[in-house]
Amino acid sequence: MMTLRCTQKLLRQLSIRKPAEVVESTNVLGDWYANLHVHRRSSFIVCMNARTLSVVLLPAKGREPVAGRFQDAVGRHLALLGVPADQVEAETRAMDELHFGATASRSILGCLREAQYAVENELILRRYETLDELALFFSGFIYSTNGYRYPQDGVRELFAAASATSAGASGASP
């Protein structure tokens with residue numbers, strides 16, 4: 001279970017009038033923030049993880065609901081970052097119950113806006129062929145909000161800690 005914290009602009013696009021009550025996220029990465037980004041004739045949803053500031057991108061429109069497209073994008077992104085397949089599967093499974101909520105952190109919104117400017121620039125330059133490649137580009141960005149750490153390092157550290165915790169818990173039982 002997790003919360004995708006959306007801007008008012010995105011909530012309107014998704015026709016969500018009243019965001020869900022905030023729920024405690026049970027996935028490793030925690031909450032994500034999302035905003036709608038319009039580029040020429042196409043629109044994207046730019047998502048940023050609240051803990052690591054890692055970015056994933058997904059088309060704003062598609063046959064599959066936003067929740068499914070978001071889970072798929074996060075799963076592909078984690079795999080590209082080298083997260084083990086079993087942990088990727090567990091993380092995306094934990095996102096099965098996705099709640100849409102309002103944003104709560106102005107500092108993360110600032111980072112999200114900065115990422116959107118970079119997305120716009122990269123879309124104009126056309127250096128990346130897929131949204132996944134473009135999202136991977138953001139793994140090398142650093143922000144003061146997360147202590148000037150690379151998002152990719154934060155993701156790997158969280159999953160390593162989760163793996164150590166689960167290994168310790170399974171090894172502690174008789």
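For the stretch 68-174, chymotrypsin sites (Phe, Trp or Tyr not before Pro) meeting the loop criterion (DSSP other than H, G, I, E, B) and having at most 12 other Cβ atoms within 10 Å: Y148.
Listed values for the stretch 140-155 are Karplus-derived 3J(HN,Hα) couplings in whole Hz (6.51 cos²θ - 1.76 cosθ + 1.60, θ = phi - 60°), namely x, 7, 10, 9, 5, 4, 10, x, 6, 9, 6, x, 4, 5, x, 4, and x replaces Gly and Pro. Listed values for the stretch 48-54 are Karplus-derived 3J(HN,Hα) couplings in whole Hz (6.51 cos²θ - 1.76 cosθ + 1.60, θ = phi - 60°), namely 10, 6, 5, 8, 10, 6, 6, and x replaces Gly and Pro. Residue-wise HN-Hα couplings along the stretch 103-110, as the Karplus relation 6.51 cos²θ - 1.76 cosθ + 1.60 with θ = phi - 60° gives them from phi, are 5, 9, 10, 5, 5, 5, 4, x Hz; Gly and Pro carry x. Taking trypsin sites (Lys or Arg not before Pro) in DSSP loop states with no more than 16 other Cβ atoms inside 10 Å as exposed sites, the chain has its longest site-free stretch at 64-125. Placing +1 on the Cβ of every Lys and Arg and -1 on the Cβ of every Asp and Glu, with no other charges, gives the chain a dipole of roughly 820 debye about its Cα centre.
Annotation note: GluC sites (Glu not before Pro) in the stretch 108-158 located in DSSP loop regions with a Cβ neighbour count of at most 12 within 10 Å are E129.
Residues whose amide H comes within less than 5 Å of that of A60, counting only those at least five positions distant or on another chain, are S43, F44, I45 (H built at 1.01 Å from N in the peptide plane). Proximity of backbone amide H atoms, modeled 1.01 Å from N, is registered between H99 and M2, T3, L4 at under 5 Å, excluding neighbours fewer than 5 places apart on the same chain.
Tell me what the chain gives for mean residue ellipticity at 222 nm when only DSSP H runs of n ≥ 4 count, each as -39,500 (n - 2.57), the sum divided by the residue total, rounded to 500 deg cm²/dmol.
Helices in the chain give a 222 nm mean residue ellipticity of -14500 deg cm²/dmol.
For the Cα atoms of the chain, what angle does the longest principal axis make with the long axis of helix 85-94, in degrees from 0 to 90, nearest 10? Roughly 70 degrees, rounded to the nearest 10.
Quick note: the coordinates plus some simple rules give every number you see, no bench work behind them. Predicted, not measured: the structure shown is a model, and the values here were computed from it. We place every Cβ from the backbone using ideal geometry, glycine too, and count neighbours over all the protein chains shown.
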